[in-house]
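Bear in mind that the values in this text are calculations on the coordinates, not laboratory data. This is a predicted model, so every value here is computed, not measured. Quick reminder, even Gly has a Cβ in these numbers, built from the backbone with ideal geometry, and neighbours come from all protein chains shown.
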Amino acid sequence: MPGLSNIIERFIKELIMEAENGIIEIQRNEMAEHFECSPSQINYVLSTRFTPYRGYYIESRRGGGGYIKIIKVGIEDNEDIGNIIVNTIGDSIAKNKAYHIIEGLSEEGLISNREEEIIKVAIGDRSLGSLGEETNSIRANILRNILLILLK
């Protein structure tokens, strides 16, 4: 049985897919009541599963029950994908953030599931070994170069 976070994530993604413009507004307290959990559980899902690295932008409004606007940013809508990749990845990237980028590209259909798995193995800790402080820098270089070629 999937965990509550996975269920909430799936529910929100379905709402986004049903929205014409990829933008939804939810109320944190109503969502918490619907899933019989605390509002902090909704916050957790939003902050870990709907990040810019996964192609989402979130606006939060205080008061009135805590409305949250979630915007799905379509990568294909951007003209210069190479520039976005370079700026998003930067000179250094942690493994989790790199995986979020890769998973987002896979969800968008810009890379295949097989390509996703190959990239994850290439930039994973087992492949990079014990490089110390340089690990995240080398991970960023590898990821950036792979994606620039794949999305050319």
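Some observations on this one:
- Helix-only arithmetic for the chain: the sum of -39500 (n - 2.57) across DSSP H runs with n ≥ 4, divided by the residue total, places the mean residue ellipticity at 222 nm at -17500 deg cm²/dmol.
- Of VAL73, VAL45, the sequence from fewest to most neighbouring Cβ atoms within 10 angstrom is VAL73, VAL45.
- Amide H contacts of ILE111: SER106, each under 5 Å away and 5 or more positions distant or on a separate chain (H built 1.01 Å from N in the peptide plane; Pro and chain starts excluded).
- Candidate aspartates and glutamates for bridging to LYS72, where Cα separation is under 15 Å - those fewer than 8 sequence places away on the same chain excluded: GLU9, GLU14, GLU18, GLU20, GLU25, GLU59, GLU103, GLU107, GLU108
- Reported to the nearest whole Å, the Cα centre-to-centre distance from region 1-55 to region 125-152 is 30.
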